[in-house]
1. Among the residues of the range 357-405, count how many are at pLDDT 90 or above, open to solvent by 40 Å² or more (accessible area, probe 1.4 Å) and of a type in the set (Gly, Ala, Ser).
2. For the range 462-482, which residues satisfy the criterion of being without any contact (Cβ under 8 Å) to a residue 40 or more places away in the chain and either of a type in the set (Val, Ile, Thr) or open to solvent by less than 30 Å² (accessible area, probe 1.4 Å) (or both)?
3. Hey, among the residues in the range 299-323 that are open to solvent by less than 20 Å² (accessible area, probe 1.4 Å) and part of a strand (DSSP E or B), which one's modelled with the lowest pLDDT?
4. Which one of these is modelled with pLDDT of 90 or more and not polar (S, T, N, Q): Pro230, Pro249?
5. Out of Leu502, Leu477, Leu467, Leu507, report the one residue that is within 29 Å of Glu232 (Cβ to Cβ), modelled with pLDDT of 90 or more and among the hydrophobic types (A, V, I, L, M, F, W, C).
6. Please go through the range 435-454 and pick out each residue that is modelled with pLDDT of 85 or more and either surrounded by fewer than 20 Cβ atoms within 10 Å (Cβ to Cβ) or in contact with a helix residue (DSSP H, G or I) (Cβ under 9 Å, 6 or more places away or on another chain) (or both).
7. Among the residues of the range 111-128, how many are of a type outside the set (Phe, Trp, Tyr), in a loop (DSSP other than H, G, I, E, B) and open to solvent by less than 40 Å² (accessible area, probe 1.4 Å)?
8. Quick check on this structure: which one of Thr182, Thr191, Thr174, Thr164 is of a type in the set (Val, Ile, Thr), under 24 Å from Gln571 (Cα atoms) and touching a residue at least 60 places away in the same chain (Cβ under 8 Å)?
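The values are calculated or read from the model by the stated rules, or taken from the named source; none is laboratory data. Everything quoted here is computed from the prediction, not taken from an experiment. Cβ placement follows ideal geometry from the backbone for every residue including glycine, while neighbour counts extend to all protein chains displayed. Ligands, DNA and RNA are stripped out before the accessible areas are found, and what is left, the full protein with its side chains, is counted by its heavy atoms. Shrake-Rupley method; radii C 1.70, N 1.55, O 1.52, S 1.80 Å.
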Amino acid sequence: MATYSALKQPPGAGVCQVNPDPDADTSFEPASPLPPDGKHPTASSARRSVFWWYTEFGWLLIGFLGLAGVLAVLALYDTKPAPRWPLGITINSLVALLTSLSRLAFMVPLVQGMSQLKWVWFSSKPRPLADFQLYDEASRGPWGGVKILFKLKGFLGSLAALITLSGILTSTLTQQALQFQTTLAVSRNQTAQVQRCSNFDLYDGQGIKIGTGDQIHLKQAIFNGAFTAPNETIAPIAPDCPSAECKWPIYHSLSVCTEVVNLTAQGNTTLLAGLRNQTATTLTAAMNATLALRQYQQSYSGNGTVPAQFQVMIQGLPNPTYAFDGDANNAIVSDLIIAYSESMLRVDSSTGAVDVSGFQFLELAISWCTKSFSTEVKDGKPVTREVARVVGGDATVHPSPLGLNWAWSPAFQLCYGTNTCDKLVGGQTVTFGAWNPSSGTDPKTRGEPAETFEVGIWTALVTSAYLTSTLQDVLFLDQYRGVLGSASGTGAGASTAFGVALFGNLLDAASPSPEAQMSNLRGIGDSIANSVTNLLRKNFAGSNGAVEGTVLVPQATVRVEWKWMGLLATQMLLALLFLAMTVAQTKAAGVPIVKEDSLAILCGLSPEMRALILSEGAQPGGVQGAAAKLKAKLEPDGSAIGMRLAAHAPYHSS
């Protein structure tokens, strides 16, 4: 067994002394007591200077600059599109680089400070030599930090271990601060357009120039609207959007509007008398002219009377009814009467007299108007809403001296028959105005219109004649409400659509309620108007017909979750606090600044301590077991570092 006295003169004593004397006595003597000030003398007073820590403070400065860089980058791009940098560098990679730099920066003072603390730890009193190894391991990695935390070897050692262990999460949690959400951004190199009708004039300087297929397209638009179910709507023309998302500002367009009024309910007896005469004349002529109906009548000729029938008549009105408010007549392009009877009608076969006393009369007025639209495309689906309309006289800025309804313009009918309309109306236009929906509710009090639209008078009157002639029709239904015939042939005219609106589905026994009938008729009128408006916007857009919109494209937008930056900021501040306290504690203890200097470790063990370790290391438990048994204290000596870990006497091994 080794004893303390037997190890007084171990081999190699004095190898770390300053200018050792080869003839000097190297036998072990107990360490001299501390000077009166309680501080360890050193070989060089410079080792106590704070300037020995300039490297660690410099690294902390670099770390704070890295943190500031991360915060600056995040603040710069927060709520903004993710940047596109050369070589495929992303904001994530830049943040990761700066974060790694900051983590490296705060780890340097932690390692150096922990290395210094292993000397400071032994300066105040004797402690197990194993603590020296524990501190050394803690300065080298997380596992050593875990060990020192469990053994609670000093506040600063535990603080450094916590900071070191938290560094495992630094990069991951900092990346959590960068969130990306898909937002819509304006595309600078794409254009969205939607058509509107800015003016409508087919006059070419000599006459009306009707394009190939224009008449067919107009008739298609009219019938497409008329034969749309009353509870359905005609979709506006689709905008041109090169992406799945586009939007437009509110825009205006020359349009067509309709309005339905119940003339019977208004009770104008003079007007109703004239309408009955017109209806009787038209019905009689239509019955005689319809082959299918004549054959039907002849099959019952032996009875002397024609079987009971239902009729629906649509006919142009020769004169205004003045049933609408304002100067509506200035904008009406086609004014139609819808005559029908809920009771079955018999016609005297000998006289052909028709009793129309039970007929109901409705007026369908088709007018020029202006509409304001809001259009957008969302998820690839276009949505257009009508946000305002100005109808009739309210829309008319400069009216036509001849009117716009051919039936009410004898002068135009005359010039049309004599081919002299160029002299009468060639080049003349009527102006309609659109007002911004936000500027008020009454067009007459809105001041100047937001935009004006011109319609050629000659063009408008020709359109009026074609529109009215297309819609005029008479429908005959038998007692079961099956189609007998119509003035247009076999029920293929517009009267069939109006018949369904008034009587319900053909062959139904009961008619809809009066309210439902009016709603159905308004629905058909709106469908006709919308269909014709679509035709105007698509085929007759005019010189300023394209409205440009904004194309929106998906893009990744940076969204910063600032709370995740708290870890790195806390680590930097705690590292600064740790280093400052380590510097202060080192200075207070009078311990030379050696940090992780390996030569200091070599020279820091006194000769007797090395001899004890070598001797006890041969026993069961090895060197680690010996270090756990030995207690050491930092004491002054004459070595290069001015201190050594001396065994705390008396010591006996077993």
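1. Of the residues in the range 357-405, 1 are at pLDDT 90 or above, open to solvent by 40 Å² or more (accessible area, probe 1.4 Å) and of a type in the set (Gly, Ala, Ser).
2. Gly482
3. The extreme case among them is Gln309.
4. So the residue among Pro230, Pro249 that is modelled with pLDDT of 90 or more and not polar (S, T, N, Q) is Pro249.
5. Leu467
6. Residues satisfying the conditions are Glu451, Thr452, Glu454.
7. Narrowing the range 111-128 to residues of a type outside the set (Phe, Trp, Tyr): 111-118, 120, 123-128.
Now restrict to residues that are in a loop (DSSP other than H, G, I, E, B): 123-126.
Okay, now just the ones that are also open to solvent by less than 40 Å² (accessible area, probe 1.4 Å), so 123, 126.
So the count comes out to 2.
8. None of the others qualify; the one that does is Thr174.
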